[in-house]
Amino acid sequence: MSVLVTGGAGYIGGHMVLELLDAGEKVVVLDDLSTGFAWAVPDGVPLIVGDFGDMALVDEIVRAHQIDAIAHFAAKIVVPESVADPLLYYANNTAKARNLLECAVRNKVKHFIFSSTAAVYGEPKTNPVTEDVGLAPINPYGRSKLMVEWMLEDTAKACGLTYAVLRYFNVAGADPKGRLGQSTPQATHLIKVAVQAALGHRKGMDVFGTDYPTPDGTCIRDYIQVTDLVRAHVQALAYLRSGGASLTCNCGYGHGRSVLEVIKVVKKVTGIDFEVRLSGRRPGDPAALVAGADRIRAVLGWQPRYDDLEVIVRQAFEWERRLHNRKGG
Ligand code: UDP
């Protein structure tokens, strides 16, 4: 049996492929390469360049490769873009996921692992946020993902497939063996931006908002290292295969760091000072978002290995340097 990884040429999906291979699994990647890279898929792993919403294509892949589980990472993930073009997000993240799910059901794929997001919580009133608080996404991105969670719940009840919904907090860092990292050129995520500023690949950086109700006035997030994150997926797959019931859980460490703290760590780890501009708030940013992270440990027995911001930043920095060199600087 093989695992189909949609978005397996991208950042998180690509790390999932590595983790599955390391666990001895057979893997097939389906990716349209809109933001992913063919070079990110290891030799020997079939890469099908195509659309995960193309049902004829997915049927063919599932049958040809004896797929027993789908890990679905392919998605559009830029919140402001989702606000400007919601139908793009509902088409890509929701409607196409529905097609993928129909293919899973009609081909009797047993398990489905879904990349969800803490954006389903919107602006939580208290932190840490546990899985059973009210779901109130505040943008089309979060809604487009929440609808898939609901489709999965209904489909599992009706059709017998089991699923794991994993709600990511802030994913960062890179493969500890240096094989992969965040490679999107226009990335907007804090740690990536800060290491680019340290390397001089961008001229300084902005802190978006210094008047939040947090100890230093900047936003607090729960940064989870990408290999820790994908290991949770591999454990979720083992759990489902051994008969575990469908599951929804947060993926985070259960504690947060502020934007200024992150920048301080980046300066310390790299030994490089860079310009930091204190700017206005970015629309739609909640003040704090920290995972209630008990369920994932209790149900899956998951234990983080890289819960150390200095380690995460060092991985991101080393990857950024490598990426820059591979592009010829
Ligand atoms: N942020 C920042 N400057 C940047 C990028 C991000 O101050 O150049 C802040 C952002 O406003 C948020 C936090 O860093 O408070 C994390 O943002 P990111 O985009 O990494 O992830 P998000 O939490 O939005 O998913």
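The values are calculated or read from the model by the stated rules, or taken from the named source; none is laboratory data. No experiment lies behind these values; they were computed from the predicted model shown. Positions of Cβ are generated from backbone atoms using ideal geometry, with glycine treated the same way; all protein chains shown enter the neighbour counts. Quick note on the areas: whole protein, heavy atoms, side chains included, nothing else; ligands and nucleic acids left out. Shrake-Rupley method; radii C 1.70, N 1.55, O 1.52, S 1.80 Å.
For segment 248-270, state whether one or more residues are assigned to a strand (DSSP E or B), open to solvent by 20 Å² or more (accessible area, probe 1.4 Å), farther than 20 Å from VAL79 by Cα and away from the ligand (no atom under 16 Å from the Cβ). Quick ask: steps written out before the conclusion?
Start the filter on segment 248-270 by keeping residues that are assigned to a strand (DSSP E or B), which leaves 248-251, 257-258.
Among the residues that remain, those that are also open to solvent by 20 Å² or more (accessible area, probe 1.4 Å) are: 248, 257.
From the residues that got through so far, the ones that are farther than 20 Å from VAL79 by Cα too are 248, 257.
Still in the list and also away from the ligand (no atom under 16 Å from the Cβ): 248.
Checking segment 248-270: at least one residue is assigned to a strand (DSSP E or B), open to solvent by 20 Å² or more (accessible area, probe 1.4 Å), farther than 20 Å from VAL79 by Cα and away from the ligand (no atom under 16 Å from the Cβ).
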Across (1) over 24 Å from ASP22 (Cβ atoms); (2) within 13 Å of the ligand (Cβ to nearest atom); (3) part of a loop (DSSP other than H, G, I, E, B), TYR141 clears everything bar (3)
Condition set assigned to a loop (DSSP other than H, G, I, E, B) and within 13 Å of the ligand (Cβ to nearest atom), scope segment 214-237, selection nearest to GLU81 (Cα to Cα): answer is CYS219
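Filter segment 200-209 down to residues that are within 11 Å of the ligand (Cβ to nearest atom) and surrounded by fewer than 17 Cβ atoms within 10 Å (Cβ to Cβ) and give me whichever is nearest to HIS255 (Cα to Cα). Let's see the steps before the verdict.
If we filter segment 200-209 for residues that are within 11 Å of the ligand (Cβ to nearest atom), which is where we start, we get 202, 204-209.
Now restrict to residues that are surrounded by fewer than 17 Cβ atoms within 10 Å (Cβ to Cβ): 202, 204, 206.
On the way: ARG202: 29, GLY204: 27, ASP206: 23 Å.
Step by step, filter segment 200-209, then rank; the result is ASP206.
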Within segment 184-199, the residues that are over 16 Å from LYS264 (Cα atoms), in contact (Cβ under 8 Å) with a residue 12 or more places away in the chain and either more than 8 Å from the ligand (Cβ to nearest atom) or open to solvent by less than 10 Å² (accessible area, probe 1.4 Å) (or both) are THR184
Those residues of segment 113-163 that are touching a strand residue (DSSP E or B) at 6+ places or on another chain (Cβ under 9 Å), surrounded by fewer than 17 Cβ atoms within 10 Å (Cβ to Cβ) and not charged (D, E, K, R) come to a total of 1
Residue match in segment 75-91 (condition: open to solvent by 40 Å² or more (accessible area, probe 1.4 Å), part of a loop (DSSP other than H, G, I, E, B) and among the charged types (D, E, K, R)):
yes
Scanning segment 46-56 residue by residue, those surrounded by fewer than 18 Cβ atoms within 10 Å (Cβ to Cβ) and within 11 Å of LEU4 (Cβ to Cβ) turn out to be PRO46
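Starting from residues that are in a loop (DSSP other than H, G, I, E, B) and surrounded by fewer than 23 Cβ atoms within 10 Å (Cβ to Cβ), keep the ones in segment 164-179 and report whichever is nearest to the ligand (Cβ to nearest atom). Write out each step before concluding.
First, pick out the residues of segment 164-179 that are in a loop (DSSP other than H, G, I, E, B): 169, 173-179.
Subset that is surrounded by fewer than 23 Cβ atoms within 10 Å (Cβ to Cβ): 175-179.
Values: ASP175: 19, PRO176: 21, LYS177: 24, GLY178: 22, ARG179: 23 Å.
Ranking the candidates gives ASP175 first.
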